[in-house]
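First comes the structure, then the notes that go with it.
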Amino acid sequence: MSESKGVLQGFREFLMRGNVIELAVAVVVGAAFTNIVNAVVKGVINPIVGALGSQNLDNYKACLTTCHTDKKTGAFTDGIYVLWGSVLSSALTFLITAGVVYFLMILPMNKWKERQAARKPADNTPLAPTEVELLTEIRDALIAQRTTSAAPVPSSTSGTIGTQKTQR
């Protein structure tokens, strides 16, 4: 019984993660939005393309070999043909869907998240030392090491430089 509670508890935690909830909402909105995009493609895009030829993009085909068509229906009876019109229709549907999702959902959400992040108070954690501060600390450590390990310089040398180094 405790094992099933552990499994159910793990499943509950999995479902309550933000990613799963967001994914479920995205699937539902995407499914509902597909109908709108299909209507736009059939009602707006296909008539525009239809000005150049057939309004139904599925009628655009190309034959790779010698193809024979039925005189009454206009369908290919034999040969190899490519339905490039349906591929074009699907590509247009995808591009419209991706564009609307990006410009109406993703872009505003990203701007909202940026505004929320800007409103958060700054962390009270100390900033990392800058490069100049680190170099200053290294210089001071090297000078301290040199002065503790350096032997006194004899006064007979023309040693203003030697005494200056040890005095720093």
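The values are calculated or read from the model by the stated rules, or taken from the named source; none is laboratory data. Not measured: the values here are computed from a predicted model. Positions of Cβ are generated from backbone atoms using ideal geometry, with glycine treated the same way; all protein chains shown enter the neighbour counts. Please note that ligands, DNA and RNA were not included when accessible areas were found on the heavy atoms of the full protein model with its side chains. Shrake-Rupley method; radii C 1.70, N 1.55, O 1.52, S 1.80 Å.
Once a ≥ b ≥ c are taken as the square roots of the eigenvalues of the Cα gyration tensor of region 14-64, is the result rounded (a/c under 1.5), prolate (a/b larger than b/c) or oblate (a/b not larger than b/c)?
Details: a/c = 6.48, a/b = 2.78, b/c = 2.33.
Prolate, since a/c reaches 1.5 and a/b exceeds b/c.
Within region 30-137, what whole-number % of the accessible surface is contributed by carbon and sulfur, with the 1.4 Å probe and all protein chains included in the calculation?
On the way: 5460 of 8500 Å².
That share works out to 64 percent.
Among the trypsin sites (Lys or Arg not before Pro) within region 100-131, which fall in a DSSP loop and have no more than 16 other Cβ atoms within 10 Å of their own Cβ?
Working: sites: Lys111, Lys113, Arg115, Arg119; in loops: none.
Sites meeting the loop and neighbour criteria: none at all.
Under a 5 Å amide H to amide H cut-off, with H placed in plane at 1.01 Å, what residues pair with Cys63 once short-range neighbours are removed?
Excluding prolines and chain starts, which carry no amide H, the hits are Val82.
Under a 5 Å amide H to amide H cut-off, with H placed in plane at 1.01 Å, what residues pair with Thr69 once short-range neighbours are removed?
Residues meeting the criterion, in which the H sits 1.01 Å from N, are Thr77.
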